[in-house]
Amino acid sequence: MLLQEYEEKEVELRVFYFLGLIYCMAIFSQKDEKTKIDYRNYNKERPNRNVPFTLPNDLKKKIALFFEKTGLQSGSLDFILNKEGKYIFLEVNPSGQFGWVSSNCNFYIEKNIALALENYHSKHGFNKNL
């Protein structure tokens with residue numbers, strides 16, 4: 001079993017990766033006692049603030065390399081940015097959700113997925129009768 005030590009966080013990050021595209025949302029959960037340790041302990045009365053976040057280029061390259069090496073084409077990754085400015089990887093979910101990241105940050109991820117699939121099918125053929 002692998003366990004992650006508790007880290008004081010500046011912010012939690014949800015990253016969605018799809019065919020080389022990287023979308024990142026910051027989740028400001030650290031100031032709410034209910035969500036301080038994990039944003040998934042949702043506070044429906046006072047939801048966390050969620051905003052677009054720009055990752056450093058070296059981390060983007062590492063994420064892309066991770067997906068290349070694992071053979072995954074999409075997935076959600078969770079990180080913590082700690083008080084010292086260090087990015088700490090928590091997990092990857094190969095079938096991770098992207099809807100709330102897209103809607104909170106106006107990323108229109110679903111549109112980009114549709115365009116990528118349309119492009120793929122136009123290059124590789126697509127049987128519309130299926």
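Overview of values
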| item | result |
| --- | --- |
| Members of segment 52-101 that are assigned to a strand (DSSP E or B) and among the hydrophobic types (A, V, I, L, M, F, W, C) | 77, 79, 80, 81, 88, 89, 90, 92 |
| Filter pass, residue 89 being closer than 25 Å to residue 6 by Cα, touching a residue at least 12 places away in the same chain (Cβ under 8 Å) and among the aromatic types (Phe, Trp, Tyr) | yes |
| Matching residues in segment 1-19 - criterion: being of a type in the set (Val, Ile, Thr) and surrounded by 21 or more Cβ atoms within 10 Å (Cβ to Cβ) | 15 |
| Count - residues of segment 52-93 that are under 12 Å from the mean Cα position of the chain (by Cα) and aliphatic (A, V, I, L, M) | 6 |
| Residue that is of a type outside the set (S, T, N, Q), under 20 Å from residue 105 (Cβ atoms), out of contact with any helix residue (DSSP H, G or I) (no Cβ under 7 Å at 6 or more places or on another chain) and surrounded by 14 or more Cβ atoms within 10 Å (Cβ to Cβ), where the choices are 88, 22, 80 | 80 |
| Qualifying residue in segment 40-51 (condition: assigned to a strand (DSSP E or B), of a type outside the set (Val, Ile, Thr) and either touching a His at 6+ places or on another chain (Cβ under 8 Å) or surrounded by 12 or more Cβ atoms within 10 Å (Cβ to Cβ) (or both)) | yes |
| Search result, residues across segment 36-63 that are within 17 Å of residue 18 (Cα to Cα) and without any contact (Cβ under 8 Å) to a residue 24 or more places away in the chain | 57, 61, 62 |
| Single condition residue 60 does not satisfy, out of (1) surrounded by 13 or more Cβ atoms within 10 Å (Cβ to Cβ); (2) under 20 Å from residue 7 (Cβ atoms); (3) at pLDDT 95 or above; (4) among the charged types (D, E, K, R) | (2) |
| Of all residues making up segment 29-62, the number that are in contact with a strand residue (DSSP E or B) (Cβ under 6 Å, 6 or more places away or on another chain) and more than 15 Å from residue 100 (Cα to Cα) | 5 |
| Subset of segment 105-121 [outside any helix (DSSP H, G or I) and acidic (Asp, Glu)] | none |
| Single condition residue 19 does not satisfy, out of (1) touching a strand residue (DSSP E or B) at 6+ places or on another chain (Cβ under 6 Å); (2) on the phi > 0 side of the Ramachandran plot | (1) |
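The values are calculated or read from the model by the stated rules, or taken from the named source; none is laboratory data. Every value quoted in this text rests on a predicted model; they were computed, and no experiment measured them. Reconstructed Cβ throughout: ideal geometry from the backbone, glycine too, with neighbour counts over all protein chains shown.
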